[in-house]
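Participant: My structure is below; once you've seen it, I'll send some questions.
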Amino acid sequence: MQYVTLNNGVKMPQLGFGVYQIEKDECERCVLDAIETGYRHIDTAQAYNNEEEVGSAVIKSGIPRSEFFITSKIFVNNYGYEKAKKAIEISLERLKTDYIDLMLIHQPFGDYYGAWKAFEEMYEQGRLKAIGVSNFYPDRLVDLCCYSKIPPMVNQIETHPFNQQVEAQKWTEKYNVQIEAWAPFGQGRGEMFSNPAIAEIGKKYNKTVAQTILRWQLQRGIVVIPKSTHQERMKENFDVFDFELSAEDMAKMASLDKKQGFSQPPHNTPEAVEKFFRLSEARKNS
Ligand code: NAD
């Protein structure tokens, strides 16, 4: 495994396993398969409704907790200082652990500054080993970097060949924040897995489109958390450390950028604010 070092010195495995849209009744089995494959970094969230299953799988694996890197995220309905503190306690309970390796603010809406205060406090108590954000456009990220006591260590954003986040990466580098790619395959949209240009690059190294995409992101210094419910694909996605894309192939990958994510509406629009307000209202009591 390759690691990146966050701005607080914490080492984070550069490849992890994402569990978004994995149903409760399948999640424990999937995480156990991922652990058997070799993954030790698992990415979940309060909004995925599967933190409990992630925690059970980690315990059932019999592997010491210290070998894992577990990320969770707090959702908008739990923002504000007091609510966030309670919500983090609930995540700790669901994950059956006394610390979380990385806790993220899931969306940049509502009282996320209040939530960040709770993050800072629990970070100082050692219950969160690293803290960060997700879906923050560069302006929101820089704002938090400038006005917080403890600046974020990670920004998890939609990053894949069609939405490469080159501009965002300039800002994360300036403020020493680690980029983490959600949907490293764009969830397979835009016919990602049958893209002829990526397939041609992969062929040279005897690698699949999925492996080529992950390798390209690793070489850009990005953390990746691909999701699959099939162990064969988990293995394929894990097998990306024995080859290196040439500078020429990195440039070919760079040329595929459309600078547009699939996530609609984009997080810097009023429509996105309204969408997440509605979602937050719907989750008021969870
Ligand atoms: P992804 O880009 O990882 O794509 C997942 C899909 O790709 C799977 O459903 C599977 O059908 C397919 N796939 C996976 N490996 C494959 C392979 N080797 N060959 C062919 N098909 C393959 O999408 P994702 O799950 O949305 O993103 C990954 C993780 O990022 C999530 O599970 C979650 O942990 C995180 N995430 C975070 C946010 C956020 O707002 N912070 C949003 C979405 C996802």
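Participant: Please report the antiparallel percentage of DSSP beta bridges with both residues in segment 89-240, rounded to the nearest 5.
Facilitator: Approximately 5 percent, going by the DSSP bridge assignments.
Participant: Among K129/K204; K60/K129; K73/K207; K227/K259; K11/K83; K24/K85, which pairs are too far apart, with a Cα-Cα distance over 31 Å?
Facilitator: Going by Cα-Cα distance, K129/K204; K73/K207 fall outside the 31 Å limit.
Participant: Ignoring ligands, DNA and RNA, what percent of the 1.4 Å accessible area of the chain is carbon and sulfur?
Facilitator: Carbon and sulfur atoms account for 50 percent of the accessible area of the chain.
Participant: May I ask you to compute the full-extension gain from Y175 to E36, defined as 0.36 nm times their residue separation minus their alpha-carbon distance, rounded to one decimal in nm?
Facilitator: 46.5 nm
Participant: Out of the GluC sites (Glu not before Pro) in segment 213-270, which ones are loop residues according to DSSP with at most 13 other C-beta atoms within 10 Å?
Facilitator: The qualifying sites are E244.
Participant: What aspartates and glutamates sit close enough to K203 to cross-link, taking a C-alpha to C-alpha distance under 20 Å and skipping anything fewer than 8 places away on the same chain?
Facilitator: E191, E232, E236, D239, D242, E244, E248, D249
Participant: Could you give the size of the charge dipole of the chain about its Cα centre, using +1 on the Cβ of each K and R and -1 on the Cβ of each D and E, expressed in debye and rounded to the nearest 20?
Facilitator: Value, rounded to 20: 240 debye.
Participant: Give me the accessible area per residue for segment 167-286, probe 1.4 Å, as a whole number in Å².
Facilitator: About 55 Å² of surface per residue is accessible.
Participant: How large is the accessible surface per residue of segment 1-130, computed with a 1.4 Å probe and reported in Å² as a whole number?
Facilitator: Dividing the accessible area of segment 1-130 by its residue count gives 39 Å².
Participant: Checking the a/c ratio against 1.5 first, then a/b against b/c, what shape does the Cα gyration tensor give for segment 168-286?
Facilitator: Here segment 168-286 falls in the prolate category.
Participant: Moving on to the next point. Just subtract the alpha-carbon distance of K96 and I63 from 0.36 nm times their residue separation and send over the number in nm, one decimal.
Facilitator: Contour length minus Cα-Cα distance gives 10.5 nm.
Participant: Further, regarding this structure: Looking at the chain as a GNM with Cα springs under 10 Å, which of Y147, Y20, Y79 has the largest mean-square fluctuation?
Facilitator: It is Y147.
Participant: Next question, about the same structure. Please find, in a Gaussian network model of the chain (springs between Cα atoms separated by less than 10 Å), the residue of I157, I105, I201 whose mean-square fluctuation is greatest.
Facilitator: Looking only at I157, I105, I201, the biggest GNM fluctuation is shown by I201.
Participant: Pick from G188, G114, G132: which residue has the top mean-square fluctuation in a GNM of the chain where Cα pairs under 10 Å get a spring?
Facilitator: Among G188, G114, G132, the largest GNM mean-square fluctuation belongs to G188.
The values are calculated or read from the model by the stated rules, or taken from the named source; none is laboratory data. Being a predicted model, the structure only gives us computed values, none of them experimental. Using ideal geometry, Cβ is built from the backbone for each residue, glycine included, and neighbour counts are taken over all protein chains shown. The accessibility values were calculated without ligands, DNA or RNA, using every heavy atom of the protein model including side chains. Shrake-Rupley method; radii C 1.70, N 1.55, O 1.52, S 1.80 Å.
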